[in-house]
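What follows is a set of notes on a single structure, which appears directly below.
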Amino acid sequence: MYERIKKQDKKLYELLMGEEKRQKEGLELIPSENYVSHAVKEAMASSLTNKYSEGYPGKRYYGGQEFTDAVETLAQERAKKLFGATFANVQPLGGANANIAFYMAAMEPGNTILGMDLSHGGHLTHGHPVTYVSKIFRFVRYKMKDVETGEIDYEALRETAREELPKVILAGFSAYPRELDWAKIASIAKEVGAISVADVAHIAGLIAGGAAKNPFDYGFDAMTTTTHKTLRGPRGGMILVRESEELAKKVDKAVFPGLQGGPHMHQIAAKAVAFDEASKPSFKKYAKQVVENAKAMASVFKEGGVRLLTGGTDNHLILADVFSSLKISGGEAEKLLDEAGITLNKNAIADDTRKPMDPSGIRFGTPALTTRGLKTKECAHVAEIMLDVLTRRDAKTVALARKEIRMMALAHPIPESFM
């Protein structure tokens, strides 16, 4: 592995091998991380990385596009079929790019967008004051009505929409363990004349695999997403439009030339591979197992007396308030579990009073564990190990946990192929 780099750049080789070892001998529980197939890796390393392809299929600014046009069209068609869309833009370099491009397509500077509050599960690109888009567009937010159950205050959302008359209503999340009522949100958007868009970056794979509801089935106008996370493709983004050709044309112009230059064709080829993999029956089994595994881990934490935001999970992630339950901060918990070979992330809980870099909670999930073949029994045991480490916090416990996690990881190697 990396033989050419080994000969040419020994320092980089050592770093790459260190990361290979870390991934192989530890367990990844960050909900937004996963492993890609060897075919996806091959596409990412293909000769397409050499090619500039500014524009869209049939409308490029450079020559030599015979194969790039076909590759991008293939990715578009597979994406549309997978999610039930009429239009697909597969050029966004990431989820943030996809969201920003959609805002540019659907709104004018100063327009209002209604989205989920970051502390209640939303994302930075949903209008947090630290982002540049918050200086361009006006963001108003909705929250959970009950953080113990995860119930969204849909009546308050409706009243806010009536008062603010947003141009766009954004539904979606990065740290919300339940399923949104897509039909209610779409209905509210229609009532106030807003465009409805779902940011499904975290659950795109669950939607593709039938383990989560598809917003398009409930009248949403568009979806933005990443192509990694539960979808198990390369790092990148995508924008899907259900049926409006006018909106789709605006999206294309917003992505290029509005926001990006030449698309990364090797990345688009890898997206095409991932979309094909996600269309297979085996992926449906995978998506279902992701949710079952997450529920198993949530049950262990709940039975262990740990407060779970929303009381559990309906998807791939769990958000635990370890500060109130175990008297350990999210930052301390992340570091301690890292030492045990378990990777997750510290995360703020709803209306957290602690600082973002050392919040009250931790966020973890099962996409990567499930790719490695772990089932509910093994995932529950991982949760038990986590609780033991977070409760005892001594060097001996951490060392024993690391040894057990390494054995479990080696017993469930990262697969090279998902076909």
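Among the candidates 337, 326, which residue alone is in the same structural domain as residue 19 (by TED's automatic domain parsing), aliphatic (A, V, I, L, M) and under 28 Å from residue 130 (Cβ atoms)?
337
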Item to check | Hits in segment 56-85 (condition: touching a helix residue (DSSP H, G or I) at 6+ places or on another chain (Cβ under 7 Å) and in contact (Cβ under 8 Å) with a residue 40 or more places away in the chain) | outcome: 56, 68, 71, 72, 74, 75, 78, 79, 82, 83, 84, 85
Item to check | Search result, residues across segment 357-388 that are assigned to a loop (DSSP other than H, G, I, E, B), among the hydrophobic types (A, V, I, L, M, F, W, C) and crowded, with 23+ Cβ neighbours inside 10 Å | outcome: 374
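Residue-wise test of (1) surrounded by fewer than 23 Cβ atoms within 10 Å (Cβ to Cβ); (2) more than 20 Å from residue 372 (Cβ to Cβ); (3) at pLDDT 95 or above.
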| position | (1), (2), (3) |
| --- | --- |
| 213 | yes, yes, yes |
| 217 | yes, yes, yes |
| 220 | no, yes, yes |
| 238 | no, yes, yes |
| 253 | yes, yes, yes |
| 268 | no, yes, yes |
| 297 | no, no, yes |
Checklist entry - Looking at segment 299-310, which of its residues are surrounded by 15 or more Cβ atoms within 10 Å (Cβ to Cβ) and either part of a helix (DSSP H, G or I) or not basic (Lys, Arg) (or both)? => result 299, 300, 301, 302, 304, 306, 308, 309, 310
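State whether one or more residues within segment 320-332 are hydroxyl-bearing (Ser, Thr, Tyr), closer than 29 Å to residue 97 by Cβ and surrounded by fewer than 20 Cβ atoms within 10 Å (Cβ to Cβ).
Among the residues of segment 320-332, not one is hydroxyl-bearing (Ser, Thr, Tyr), closer than 29 Å to residue 97 by Cβ and surrounded by fewer than 20 Cβ atoms within 10 Å (Cβ to Cβ), which makes the answer no.
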Item to check | Criterion violated by residue 320 - all others in (1) touching a residue at least 40 places away in the same chain (Cβ under 8 Å); (2) assigned to a loop (DSSP other than H, G, I, E, B); (3) small (Gly, Ala, Ser) satisfied | outcome: (2)
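So that you can scan it fast, the table gives a plain yes or no per residue for (1) surrounded by fewer than 20 Cβ atoms within 10 Å (Cβ to Cβ); (2) not polar (S, T, N, Q):
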site: 242; (1), (2): no, yes
site: 257; (1), (2): yes, yes
site: 282; (1), (2): yes, no
site: 290; (1), (2): no, yes
site: 293; (1), (2): no, no
site: 343; (1), (2): yes, no
Item to check | Qualifying positions in segment 150-167 - outside any strand (DSSP E or B), at pLDDT below 95 and over 18 Å from residue 126 (Cβ atoms) | outcome: 155
Checklist entry - Across segment 230-272, what is the total count of residues that are among the aliphatic types (A, V, I, L, M) and touching a strand residue (DSSP E or B) at 6+ places or on another chain (Cβ under 6 Å)? => result 8
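Just to check your reading of the model, which residue among 1, 17 is modelled with pLDDT under 95 and not assigned by TED's automatic domain parsing to the domain that holds residue 237?
1
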Checklist outcome for this item: Among residues of segment 237-264 being among the basic types (Lys, Arg) and either assigned to a helix (DSSP H, G or I) or free of Cβ contacts under 8 Å to residues at least 12 places away in the same chain (or both), the residue farthest from residue 67 (Cα to Cα) is 250
Next on the checklist: When you check residue 49 against the structure, is it touching a helix residue (DSSP H, G or I) at 6+ places or on another chain (Cβ under 9 Å), farther than 30 Å from residue 152 by Cα and polar (S, T, N, Q), yes or no?
Outcome noted: yes
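The values are calculated or read from the model by the stated rules, or taken from the named source; none is laboratory data. Quick caveat: nothing in here was measured; it's all calculated off a predicted structure. Using ideal geometry, Cβ is built from the backbone for each residue, glycine included, and neighbour counts are taken over all protein chains shown.
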